[in-house]
Amino acid sequence: MARVALVTGGSRGIGAAISVALKQAGYTVAANYAGNDEAAASFTKETGIPTYKWDVSNYDACVAGIAKVEAAHGPVEVLVNNAGITRDAMFHKMTKDMWDAVINTNLTSLFNMTRPVWEGMRARKFGRVICISSVNGQKGQMGQVNYSASKAGDLGFVKALAQEGARVGITVNAICPGYIATDMVKAVDPAVIEKNILPHIPTGRLGEPHEIARAVVFLAAEDAGFITGSTLSANGGQYMI
């Protein structure tokens, strides 16, 4: 039986590419989404991947949503924590609501989603938890104190939890994309991308969602069991560590 993979924010952008790549690799995939019903319905129609709506910043909603996924498809054995938002502002203009929204969606969601599947993974002695962080969680970004803090927190989550899962067959890893050609990034003024973003990327281009998806498929594989607590940077050379 195919392993079940659950992708948060899995019906659009990088998440959609991850969902499709995992399905093509033979997984049974379920995609979570937050609010865009039309996009989710269109995604399911195009790909055949079922979508489930809940707010990953709400623990009870995650427990209920995961229960629905597992009732329909079986236990979640691959979890991709991809959902994320931005609420950008210079710090002196950032509000408490902007801070809370980003921290709760981008960081607290990792607990909310991983905790309900963790005991099952431990019992089965197999699991793959893959968290999509960001280059800005590694290097920081002006105007994104909330976002950078949340994505840096993702990396701490991965490094700590990987140590707990290692002896029971669970790997926990992070991927840090750079600037990827999603709808959100492509909505930026092309002149701004050309002048302020591309000059800092040695490859001279934006990344593509499928390039991040390939990294997820690699880390989710059965034979990736010796890779855990790792951060895979996929940023075109923008930031090297």
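Taken together, the values in this text are just the output of simple stated rules run on the coordinates, not laboratory data. Because the structure is a prediction, the values reported are computed rather than measured. Cβ: placed from backbone, ideal geometry, glycine included. Neighbour counts: every protein chain shown.
Here are the numbers for this structure:
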{"read-out": "The one condition in (1) among the β-branched types (Val, Ile, Thr); (2) outside any helix (DSSP H, G or I); (3) farther than 21 Å from Thr228 by Cα that Val172 fails to fulfil", "value": "(3)"}
{"read-out": "Enumeration of residues in the stretch 80-133 that are in contact with a Phe, Trp or Tyr (Cβ under 7 Å, 6 or more places away or on another chain), of a type in the set (Ser, Thr, Tyr) and buried (at least 23 other Cβ atoms within 10 Å of the Cβ)", "value": "none"}
{"read-out": "Scan of the stretch 34-61 for residues that are among the acidic types (Asp, Glu) and either on the phi > 0 side of the Ramachandran plot or free of Cβ contacts under 8 Å to residues at least 12 places away in the same chain (or both), ordered by number", "value": "Glu38, Glu46, Asp60"}
{"read-out": "Index of the failed condition, Gln24 passing every other in (1) farther than 22 Å from Gly165 by Cβ; (2) surrounded by 15 or more Cβ atoms within 10 Å (Cβ to Cβ)", "value": "(2)"}
{"read-out": "Looking only at the stretch 184-210, and only at residues there that are touching a residue at least 24 places away in the same chain (Cβ under 8 Å) and part of a helix (DSSP H, G or I), the one that is nearest to Val135 (Cα to Cα)", "value": "His200"}
{"read-out": "Any pair with Cβ under 8 angstrom, 6 or more apart, that starts in the stretch 218-241 at a residue that is closer than 14 Å to Gly207 by Cα and ends at one that is in a loop (DSSP other than H, G, I, E, B) and of a type in the set (Ser, Thr, Tyr)", "value": "Ser233/Tyr239; Asn235/Tyr179; Gly236/Tyr179; Gly236/Thr203; Gly237/Thr203; Gln238/Tyr179"}
{"read-out": "Residue match in the stretch 69-78 (condition: outside any strand (DSSP E or B) and free of Cβ contacts under 8 Å to residues at least 24 places away in the same chain)", "value": "yes"}
{"read-out": "Residues (touching a helix residue (DSSP H, G or I) at 6+ places or on another chain (Cβ under 8 Å) and assigned to a helix (DSSP H, G or I)) located in the stretch 219-241", "value": "Ala220, Ala224"}
